[in-house]
Amino acid sequence: MKRKIIRHESLGGRYRSMDFEWPDDGAKPGQFVMVRISDSTDPLLRRPMSIANLEDGLMSIIYNVAGRGTSLMAEKRAGEAVDVLGPFGTSFDPPKNASHLLCVMGGVGAAPFLFLKKRNKDRKMVGFYGAANKDGLGISIPMDEMHFATEDGSVEKRGLVTDVLLEHPAMKNRDAHIMACGPKGMLRAVDEICVKHKISGELSLEERMGCGFGVCLGCAVETDAGNKRACVDGPVFKAGTIRWRT
Amino acid sequence: MANMKVRIGSLELANPVIAASGTFGYGVEFADKLDLRKIGAFATKGLSLKKRAGNPMPRICETPSGMINSIGLENVGLDAFESEKLPLIRKTGARVVANFFGETQGEYVAAAARLDAMDGVHALEMNVSCPNVEKGGIEFGSDPVLLEKLTASVRKAVRKPLIVKLSPNVADVRPLAMAVQNGGADAISAINTLKGMSINVRTREPKIRRVFGGLSGPAIRPVAVRMVYECATTVKIPIIGLGGITTVEDALEFLIAGATAVQVGTMNFVEPSICERLADELSKWCDAEGIADVNDLVGSLKLG
Ligand SMILES: Cc1cc2nc3c(=O)[nH]c(=O)nc-3n(C[C@H](O)[C@H](O)[C@H](O)COP(=O)(O)OP(=O)(O)OC[C@H]3O[C@@H](n4cnc5c(N)ncnc54)[C@H](O)[C@@H]3O)c2cc1C
Ligand SMILES: Cc1cc2nc3c(=O)[nH]c(=O)nc-3n(C[C@H](O)[C@H](O)[C@H](O)COP(=O)(O)O)c2cc1C
Ligand code: FES
């Protein structure tokens with residue numbers, strides 16, 4: 001479906017945000033869309049992008065210029081059309097009675113949490129935002145409490161975002177709920193923390209996607225219940241169910 | 001309006017556009033994306049007697065105007081297909097080509113016989129790009145003697161139209177097309193994916209965990225058109241042409257090369273309603289060009 005781009009700008013640092021027309025079709029935080037880069041066949045496949053907001057008839061995505069597809073995407077201008085399919089996949093579904101909502105975000109993986117917070121303004125959320133350096137922390141989210149970690153120490157704590165999470169007092173509480181999106185290593189660490197601390201958690205996984213709607217089987221995720229598709233059975237999976245491969 | 005109906009053996013299709021195996025799930029996933037009754041048919045994901053988990057990740061990567069996949073023939077198996085998928089598929093009113101494979105001739109025959117008995121399966125498409133575990137892993141589709149034997153034994157077991165899907169990973173496709181015809185199949189589909197490989201130069205790892213995978217998409221189209229032409233000029237049975245079809249012109253190229261029908265694969269991922277659009281555009285193209293019957297285009301290549 002072709003949608004008109006209303007705004008397309010740099011967020012400073014490595015990320016860009018694109019807003020295009022989209023009706024409020026009930027899309028939920030954690031879900032994603034598939035963006036076609038061009039009408040030509042190269043690049044061929046659509047690129048999966050998390051929904052970073054849906055409000056007042058506009059959908060936002062926030063992306064990192066990572067390779068050829070996203071570089072070409074960055075050249076699109078406001079007023080032009082972008083071909084987007086979705087929304088696809090599962091969403092974050094934090095339990096109503098959770099004592100604390102802890103959001104662990106790695107780099108551009110913070111994008112879905114912007115939408116999550118916007119849709120849950122009245123729920124208190126603590127953000128843990130990590131990246132290699134300052135440039136990777138470019139998404140600003142109005143969390144009720146925010147902690148940062150950078151591998152080079154340029155912002156707040158030097159080290160991994162999961163270390164900051166472990167130091168947080170809420171971790172002592174079994175009724176806390178952790179949600180995470182970011183690189184695989186981070187997700188795996190969060191998964192292990194959830195299991196060890198017996199805290200419920202949800203992880204949003206990134207896999208290569210051919211279609212985004214369940215038919216190519218390119219996005220298999222090994223779980224305790226056999227192969228699942230990241231695009232329809234995920235991207236958000238329950239912590240403690242993934243079989244990680246090295 | 002031009003006649004769009006084509007025949008594949010005893011099966012009549014409303015139009016020549018079929019969705020290709022492995023790119024259309026079990027059809028039901030597309031029920032909200034297009035009108036399944038407006039396309040000729042769809043082919044299911046390749047089915048085997050028992051369910052299969054498939055290959056480790058990563059299974060796909062993008063290449064110039066194409067992609068490589070190594071899904072490993074993951075599928076739900078015939079039991080779940082019959083009890084869970086087929087009842088839903090029947091409700092859509094779609095024409096169904098059941099794509100299947102095995103690791104031994106016995107498995108092929110058993111799978112084919114079961115599909116032949118299933119209500120709601122209109123035709124069978126045999127994927128022969130699979131290693132024969134009894135013959136040291138040589139692909140069924142690469143040896144004419146093996147292929148003719150396999151085709152003949154499956155033929156004996158089924159009454160529904162039997163299509164054999166040829167692999168392009170052979171030096172000469174013509175003896176294989178001949179073997180399929182001699183074995184008694186109703187039609188040939190060509191081509192399956194081309195064996196390919198792609199490397200991440202930074203990590204020096206193959207982009208696909210299993211190193212090799214099947215290349216598909218617009219990149220393979222000229223190879224596919226050539227092979228369809230070779231098949232069509234070798235055998236009398238109808239050919240279903242596929243490989244990289246993206247536009248109505250691409251579909252026409254296959255028809256003119258000698259295909260009676262076409263399949264659209266990878267592009268279903270990019271544009272999920274493409275089969276319906278191409279069926280519609282093909283009909284409009286015939287009308288605009290004053291072609292009364294789409295079958296008149298088949299094999300109409302003019303050589304100088
Ligand atoms: C559910 C989901 C949500 C995502 N949300 C976002 C988001 O909100 N913002 C954002 O910046 N990125 C997001 N990504 C990652 C994003 O899809 C990739 O960065 C992007 O596809 C890279 O494309 P490229 O052509 O620039 O890179 P290239 O490396 O040139 O891409 C080559 C191929 O690999 C695939 N690919 C490359 N990196 C990834 C990756 N990390 N995950 C999946 N496929 C990849 C591409 O889609 C393409 O098919 C998400 C991925 C998934 C699976
Ligand atoms: C992800 C993927 C999975 C496929 N799975 C099957 C399969 O299970 N059985 C089969 O016969 N062909 C399978 N194919 C091959 C396609 O049906 C088709 O022959 C090939 O992709 C060429 O057509 P295209 O270029 O239009 O995609 C698969 C192709 C892709 C891309
Ligand atoms: S991306 Fe195709 S099945 Fe998930």
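All of the numbers you see were taken from the coordinates with simple rules; none came from a lab. Not measured: the values here are computed from a predicted model. Glycine also receives a Cβ, built like all others from the backbone with ideal geometry; neighbour counts cover every protein chain displayed.
Does residue A:10 count as more than 14 Å from every other protein chain (Cβ to nearest Cβ), under 30 Å from residue A:154 (Cα atoms), away from ligand 2 (no atom under 16 Å from the Cβ) and touching a residue at least 40 places away in the same chain (Cβ under 8 Å)? No. Return the residues of region B:253-279 that are away from ligand 3 (no atom under 16 Å from the Cβ) and farther than 18 Å from residue B:38 by Cα; say none if nothing qualifies. B:253, B:254, B:255, B:256, B:257, B:258, B:259 - these are the residues of region B:253-279 that are away from ligand 3 (no atom under 16 Å from the Cβ) and farther than 18 Å from residue B:38 by Cα. Residues in region A:80-119 that are farther than 16 Å from residue A:46 by Cα and in contact with a Lys or Arg (Cβ under 7 Å, 6 or more places away or on another chain) were compared, and the one that is nearest to ligand 1 (Cβ to nearest atom) is A:91.
Within the option set B:53, B:80, being at the interface with chain A (Cβ under 10 Å from one of its Cβ atoms), over 19 Å from the mean Cα position of the chain (by Cα), under 25 Å from residue B:105 (Cα atoms) and surrounded by fewer than 18 Cβ atoms within 10 Å (Cβ to Cβ) holds for one residue only, B:53. When the residues of region A:213-246 are filtered to those that are within 13 Å of ligand 1 (Cβ to nearest atom) and among the β-branched types (Val, Ile, Thr), the one that is surrounded by the fewest Cβ atoms within 10 Å (Cβ to Cβ) is A:232. Scanning region A:206-244 for residues that are more than 16 Å from ligand 2 (Cβ to nearest atom) and either over 16 Å from residue B:58 (Cα atoms) or not polar (S, T, N, Q) (or both) yields a total of 19. Tell me whether region A:81-92 contains one or more residues that are assigned to a helix (DSSP H, G or I), away from ligand 2 (no atom under 16 Å from the Cβ) and within 14 Å of another protein chain (Cβ to nearest Cβ). Taking every residue of region A:81-92 in turn, none turns out to be assigned to a helix (DSSP H, G or I), away from ligand 2 (no atom under 16 Å from the Cβ) and within 14 Å of another protein chain (Cβ to nearest Cβ). Filtered by the rule that a residue be more than 17 Å from residue B:268 (Cβ to Cβ) and outside any loop (DSSP other than H, G, I, E, B), region A:25-34 gives A:29, A:31, A:32, A:33.
If a residue has to be surrounded by 14 or more Cβ atoms within 10 Å (Cβ to Cβ), out of contact with any Leu (no Cβ under 9 Å at 6 or more places or on another chain) and part of a strand (DSSP E or B) to count, how many in region A:5-24 make the cut? Of the residues in that region, 5 qualify. Inside region B:268-290, can you point out the residues that are part of a helix (DSSP H, G or I) and within 14 Å of another protein chain (Cβ to nearest Cβ)? Once the filter is applied, which keeps residues that are part of a helix (DSSP H, G or I) and within 14 Å of another protein chain (Cβ to nearest Cβ), region B:268-290 yields B:268, B:269, B:270, B:274, B:275, B:277. Report the residue count in region B:86-106 for those that are of a type in the set (A, V, I, L, M) and in a loop (DSSP other than H, G, I, E, B). Residues in region B:86-106 being of a type in the set (A, V, I, L, M) and in a loop (DSSP other than H, G, I, E, B): 1 in total. Scanning region A:138-148 for residues that are away from ligand 1 (no atom under 16 Å from the Cβ) and of a type in the set (Phe, Trp, Tyr) turns up at least one hit.
I want to confirm something. Restricting to region A:31-58 and keeping residues that are within 14 Å of chain B (Cβ to nearest Cβ) and charged (D, E, K, R), which single residue is nearest to the chain's Cα centre (by Cα)? Result: A:47. Checking each residue in region A:163-201 for being part of a helix (DSSP H, G or I), touching a Gly at 6+ places or on another chain (Cβ under 8 Å) and not hydrophobic (A, V, I, L, M, F, W, C) picks out only A:191.
Would you mind finding the one in B:60, B:18, B:68 that is surrounded by 17 or more Cβ atoms within 10 Å (Cβ to Cβ), in contact with a Phe, Trp or Tyr (Cβ under 9 Å, 6 or more places away or on another chain), within 11 Å of chain A (Cβ to nearest Cβ) and of a type in the set (A, V, I, L, M, F, W, C)? The match here is B:68.
Applying the condition of being more than 14 Å from chain B (Cβ to nearest Cβ) and within 13 Å of ligand 1 (Cβ to nearest atom) to region A:187-212 and asking which residue is nearest to residue B:24 (Cα to Cα) yields A:204. Checking each residue in region A:221-241 for being within 12 Å of chain B (Cβ to nearest Cβ) and within 18 Å of the chain's Cα centre (by Cα) picks out A:221, A:229, A:230, A:231, A:232.
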